[in-house]
Amino acid sequence: MKKYLAFIFGLFFTLQFSAQKVFSVDYQSQADVKVFVVKYESQADLKVHKVDYQSQAEGNEGKWFFVKYSSQADKKIYFVDYESQADLKIFFVKYRSQAGWKKKEKKQLMY
C-alpha cells in the first residue's frame, strides 16, 4: 500500500511541476515541440506568459521560463515559420493571469 501511495504521489508531483522551463533550439530536429506564434489570441492552443523567474514557471498552465542552456529545459521548442508545421500554436500574453490552455487536448505536448 505504501508503494502504491508513493507512486501516486510521485506521479501527481511530476504532472504538477513539469515542462515549463523551455529552451528555444536552432534546428527543428532538436525540438520536442514545434511552436508557431499566432497573431490573434483566438487562434491559439495555449496563451503563454514569459515569467521572469524560474520559480514562477510551475505547472502546465502557460507560464514559461526560457533557460540559457538546453540541459536545464523541461522541453525544447522550435519556432516554425508556418502554422501548418506546428504541433502547438501559442499567443504571448502580457499578464500571468491571462496564461492558460484554450485547447486542452494539446496539453500533453508540454508534459
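The values are calculated or read from the model by the stated rules, or taken from the named source; none is laboratory data. Given the structure is predicted, the values throughout are model-derived calculations rather than measurements. Positions of Cβ are backbone-derived with ideal geometry, glycine not excepted, and every protein chain shown enters the neighbour counts. Accessible surface areas use protein heavy atoms only, side chains included; no ligands, DNA or RNA. Shrake-Rupley method; radii C 1.70, N 1.55, O 1.52, S 1.80 Å.
Side notes on the structure shown:
- Meets criteria (open to solvent by 30 Å² or more (accessible area, probe 1.4 Å) and in a strand (DSSP E or B)) for residue 76: yes
- Test: residue in region 16-26 that is of a type in the set (A, V, I, L, M) and modelled with pLDDT of 60 or more: yes
- Filter result (open to solvent by 40 Å² or more (accessible area, probe 1.4 Å) and in a loop (DSSP other than H, G, I, E, B)) within region 45-73: 52, 53, 58, 61, 68, 69
- Count - residues of region 79-111 that are outside any loop (DSSP other than H, G, I, E, B), under 15 Å from residue 34 (Cα atoms) and in contact (Cβ under 8 Å) with a residue 40 or more places away in the chain: 11
- Condition broken by residue 28, with the remaining ones in (1) under 15 Å from the mean Cα position of the chain (by Cα); (2) surrounded by fewer than 17 Cβ atoms within 10 Å (Cβ to Cβ) satisfied: (1)
- Number of positions in region 80-95 that are surrounded by 15 or more Cβ atoms within 10 Å (Cβ to Cβ) and over 10 Å from the mean Cα position of the chain (by Cα): 7
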